[in-house]
């Protein structure tokens, strides 16, 4: 029994020694690893002009949407457009049988000619009566009666001219033209159908796609900055905006804007139900990237802050005491030592953060690898400091 306990004690001593050796090795390895430089990427804080923007969601709307309906009744004799065709203002889209309206116009013209002949005869009679009345060969009353007849005939001629204008207008309505530049939609009525001015279904719809409008909303908290931007850009056509894809792309990640335009109008009231303000922007839309009814992200440029200290957004870290950066080469340290440095962030965009206090231009900050750093960590810069 004594031998058993003796052997057990020896085994425990050996196991304890092995555990102590292994833990010591781990501690030594951890200490050595802690002393190894941490690979990081850096950037130099710089003075820059940083635009201030605000984003909203918008809906694309055609600048003009016109339902093409007939103004007179009659059989549709011709369709002169193709579905989806680009048309210009004044282009003939369809024709209605014009024979009835041409006859009415000719009748009005003939009626005016008849009344003009009567007026000319009445004017000659009036000239004779005036001459006889001066010689007292007829009474003044007869001359006055003839003068009234001339006035009636003149009024009749003016009425005839109004009838001619009406008939000419109705005749022109038999040729249905596009009132705006735009693109036609799907044809709703075929040749041979009887159309009337009261038809609910239009022949087609013409929409103006170049330029095109986007209506978007912004939080009412941005109203002072938006109003200031609108006032500052009055001489340049309006505050600048860009349209971005709905999938979340942005210029910061290499996504090209769909189009660039300017704000046309700011609505005259705040929507009390949603707490938003509504704006309307105009885009030239040369490549037809914007289509009526589509949803897009709209970025409005409010102003540009000049000569502010800017760093990449990845350089700013957040902690219990607020925002901070890891600064290289702080006073009293080497260029490869990172120190925690508190900063005040005025605002940030997708690419850069504007530093209001805590940094000056030219200081080097860590932009990647900060999660492995502690106060006083040694670093190894993977690339030369850049902007």
Filter result for residue 65 (at pLDDT below 95 and closer than 28 Å to residue 289 by Cβ): no
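Looking at 183, 210 in this structure, which one is surrounded by 13 or more Cβ atoms within 10 Å (Cβ to Cβ), touching a residue at least 60 places away in the same chain (Cβ under 8 Å) and not in a loop (DSSP other than H, G, I, E, B)? Even if it seems obvious, please write down each step before you answer.
On the way: 210 fails: not in a loop (DSSP other than H, G, I, E, B).
Within the list 183, 210, the selection yields 183.
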Residue in segment 362-371 that is farther than 15 Å from residue 42 by Cα and surrounded by 15 or more Cβ atoms within 10 Å (Cβ to Cβ) present: no
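Looking only at strands (runs of 3 or more DSSP E) that lie completely in segment 270-387, which have at least 2 residues being touching a residue at least 12 places away in the same chain (Cβ under 8 Å) and touching a helix residue (DSSP H, G or I) at 6+ places or on another chain (Cβ under 8 Å)?
On the way: elements: 276-283, 295-312, 317-319, 322-328, 337-342, 344-348, 352-357, 364-368, 377-381.
In segment 270-387, 276-283, 295-312, 322-328, 352-357, 364-368 are the strands (runs of 3 or more DSSP E) which contain 2 or more residues that are touching a residue at least 12 places away in the same chain (Cβ under 8 Å) and touching a helix residue (DSSP H, G or I) at 6+ places or on another chain (Cβ under 8 Å).
Across segment 334-361, which residue is farthest from the chain's Cα centre (by Cα) among those that are farther than 22 Å from residue 304 by Cβ and loosely packed, with under 12 Cβ neighbours inside 10 Å? Give the steps one after another, and end with the answer.
Start the filter on segment 334-361 by keeping residues that are farther than 22 Å from residue 304 by Cβ, which leaves 334-342, 358.
From what's left, loosely packed, with under 12 Cβ neighbours inside 10 Å: 334-335.
On the way: 334: 51, 335: 48 Å.
So, considering only residues that are farther than 22 Å from residue 304 by Cβ and loosely packed, with under 12 Cβ neighbours inside 10 Å, the one farthest from the chain's Cα centre (by Cα) is 334.
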Complete set of residues in segment 101-115 that are over 22 Å from residue 68 (Cα atoms) and either surrounded by 14 or more Cβ atoms within 10 Å (Cβ to Cβ) or in contact with a strand residue (DSSP E or B) (Cβ under 9 Å, 6 or more places away or on another chain) (or both): 102, 104, 105, 108, 109, 111, 112, 115
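Within segment 131-146, can you find the residues that are in a helix (DSSP H, G or I) and over 22 Å from residue 119 (Cα atoms)? Full working, then the answer.
First, the residues of segment 131-146 that are in a helix (DSSP H, G or I): 131-134, 140-146.
Correct list: 134 only.
The values are calculated or read from the model by the stated rules, or taken from the named source; none is laboratory data. Remember, predicted model here, so these are calculated numbers, not experimental data. Here Cβ is always computed from backbone atoms with ideal geometry, including for glycine, and neighbour counts include all displayed protein chains.
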